[in-house]
Amino acid sequence: MDALVIKNLSYSYLDGKIALSNVNLTIQEGHRVALIGENGSGKSTLLLHINGLLDGQGFIEVMGIRRAKKNIKAIRHSIGCLFNPVEYQFIMPDLAHDIMISLPEHLSDKEKYNAALQWLKKFNLEQYATSSPLELSSGEMKKAALAGILAREPAFLLLDEPLNNLDRASAFEILKLLSLMTQTMLIATHRCIVAEKLATHVAVMKNGSITGYYNVKKALSLKEVKELLI
Amino acid sequence: MHIAKLAAFFLLLFHTLIPAQNLQLYVVVSIFLTLIMIYSGGMPSTALFFKNIPMFFFAAVFFVFMFFPGMTLSADKFLTLFKIILIFNISLAASSWLGRGGFLFCLKFISVQRLKLFLLLLSRSLASFERNVRAAAVGVQLRIELTGKQKLLVPKYYVRNLIMKELYSFQHSQAALASRLYDHNVTIYARNGFAVKDLLSVCVMASAAFADIFIQTANIKI
């Protein structure tokens with residue numbers, strides 16, 4: 001099954017600047033795709049379209065649900081999105097409550113709180129349950145945001161620069177956590193390590209269009225791909 | 001414990017608003033109670049000083065206006081100024097004294113989801129604004145030699161940039177709300193913590209505020 005199908009997607013900002021131009025991309029379920037490209041090539045804009053936060057011209061289907069106004073909730077239900085910058089992703093004043101808003105509605109407040117603590121434990125963040133997300137370090141903040149989106153158990157993960165501002169140890173920790181997950185992923189990144197350790201495929205974006213889609217082995221042998229990664 | 005703390009906080013606020021018959025007692029009790037709240041809340045004195053800078057400015061303007069032609073100096077005006085500064089400091093101290101748990105406890109009683117979200121985002125924005133101001137101050141020190149006229153560049157560029165950054169952040173917050181709260185309500189599990197320090201401060205504050213309110217309103221001569 002295709003987890004994501006995008007056909008002829010185009011989008012321009014209000015000032016007329018073209019952000020996406022005729023984007024075509026298909027991702028199969030279970031694949032982890034590293035979306036690479038220069039700054040300003042349209043990676044983040046594409047992720048916002050998939051999540052239904054921007055509304056360009058074209059066809060988008062996520063987990064078999066076609067993008068339309070009436071389907072936005074269903075699409076968002078199947079997607080977990082890690083934004084960049086990550087600090088604006090947090091809604092609640094402490095970590096436990098921030099994870100609670102992602103948990104199923106039928107649970108009682110106490111059950112939600114205990115489940116949130118379990119999620120924090122998985123990410124080694126249980127000592128910060130009552131701390132503000134803004135008090136955490138960059139790496140901890142990324143892990144906390146990730147815990148918040150995974151608690152909803154989405155089928156598709158959109159990750160915008162998940163390793164930004166992280167040191168080597170934190171980056172490896174996040175990669176290890178992500179590699180244990182079975183969800184389909186689209187990861188906007190500049191980091192070579194994401195392609196090497198996590199991705200199964202690489203999509204190359206240039207001037208608002210997808211210019212190449214390769215399996216990771218082939219991608220890492222190409223000069224145009226290597227030049228885009230650090 | 002949150003209820004007791006909230007009750008003591010409101011009693012203290014009410015205390016600042018009563019007409020003071022015995023001024024010296026009123027001032028001493030007010031300062032004493034505010035200091036208890038500040039120090040049991042764990043707010044460092046430097047943080048308190050910096051947060052009070054807008055109040056110093058306000059007091060200076062208030063003072064200058066009192067010397068304008070047609071204005072008269074009176075004890076009542078000084079008392080009003082004192083009360084304004086006091087209420088500001090009580091609110092400031094209460095934020096650290098009641099803490100995040102107290103804030104969540106208050107939110108639990110709000111049934112309107114939109115209002116709850118507004119208050120959550122407002123508190124988050126204020127916290128991030130405070131962080132950004134600190135970051136901007138460091139940026140200013142690194143990039144501009146703060147001597148003489150150079151100081152004028154700070155409000156000219158950095159304040160504008162700070163405000164633009166906050167406005168830009170609304171877009172991110174909106175995206176977070178749309179993608180995380182599309183069909184969920186905000187739920188709060190307020191844990192009811194208990195600490196001897198808090199109990200003592202609540203008892204002292206409530207009894208002192210209540211005693212002073214009684215003395216002031218009954219006009220008992222001491």
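The values are calculated or read from the model by the stated rules, or taken from the named source; none is laboratory data. Model, not experiment: these values are computed from the prediction. Cβ placement follows ideal geometry from the backbone for every residue including glycine, while neighbour counts extend to all protein chains displayed. All accessible areas refer to the heavy atoms of the entire protein, side chains included, with ligands and DNA or RNA removed. Shrake-Rupley method; radii C 1.70, N 1.55, O 1.52, S 1.80 Å.
Structure summary
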item: Share antiparallel - DSSP beta bridges, chain A, percent rounded to 5; result: 55 percent
item: Average other protein chain Cβ within 10 Å of Cβ, residues A:48-59; result: 1
item: Cα-Cα over 25 Å, subset of A:LYS110/B:LYS116; A:LYS226/B:LYS165; A:LYS17/A:LYS217; A:LYS43/A:LYS143; A:LYS121/A:LYS226; B:LYS51/B:LYS83; result: A:LYS226/B:LYS165; A:LYS17/A:LYS217; A:LYS121/A:LYS226
item: Spin-label model distance (nm) - B:CYS203 vs B:PHE10, 7 Å beyond Cα toward Cβ; result: 2.3 nm
item: C-alpha long axis of helix A:109-122 to longest principal axis of chain A, angle in °; result: 60 degrees
item: Within the accessible area of the stretch B:1-112 (1.4 Å probe), percent carbon and sulfur; result: 79 percent
item: Within the accessible area of chain A (1.4 Å probe), percent carbon and sulfur; result: 48 percent
item: Exposed-loop-free span, longest in chain B, where chymotrypsin sites (Phe, Trp or Tyr not before Pro) count as exposed if DSSP calls them loop and at most 16 other C-beta atoms lie within 10 Å; result: B:110-181
item: Virtual spin-label span in nm between B:LEU73 and A:ILE65, 7 Å along Cα→Cβ; result: 7.1 nm
item: Most fluctuating residue given options B:LEU79, B:LEU142, B:LEU120, as computed from a GNM of chain B linking Cα atoms under 10 Å; result: B:LEU142
item: For the protein assembly as shown, accessible area per residue (1.4 Å probe, heavy atoms of protein chains only), Å²; result: 52 Å²
item: Two-decimal Rg/Rh across chain A, once Rg and the Kirkwood Rh are taken from alpha-carbon atoms; result: 0.97
item: Two-decimal log10 I(q)/I(0) for the stretch A:1-120, as the Debye equation yields it once each C-alpha is a single scatterer, q = 0.11, 0.16, 0.22 Å⁻¹; result: -0.48, -0.91, -1.27
item: Dimensionless Rg/Rh of the protein assembly as shown - Kirkwood Rh, Rg from C-alpha atoms; result: 1.07
item: Per-selection Rg to Rh, the stretch A:124-195 - Cα, Kirkwood hydrodynamic radius; result: 0.95
item: Of all DSSP beta bridges in the protein assembly as shown, antiparallel share, percent nearest 5; result: 55 percent
item: Nearest-0.05 FRET efficiency for B:SER91 and B:PHE210, computed from C-beta distance (R0 25 Å); result: 0.80
item: Simple label model, 7 Å out from Cα along Cβ direction - B:PHE49 to A:LYS122, nm; result: 4.7 nm
item: Accessible area buried, both sides summed, chains B and A with 1.4 Å probe, Å²; result: 3200 Å²
item: For residues of A:89-98, the mean tally of beta carbons on other chains within 10 Å; result: 6
item: Taking the convex hull of Cα positions in chain B, its mean projected area over all directions (nm²); result: 17.2 nm²
item: Straight-distance crosslink candidates among aspartates and glutamates, where the alpha carbon sits under 13 Å from A:LYS197 and sequence neighbours closer than 8 are dropped; result: A:GLU173
item: Debye equation applied to the C-alpha atoms of the stretch A:98-230, log10 I(q)/I(0) at 0.16, 0.18 Å⁻¹; result: -0.86, -1.01
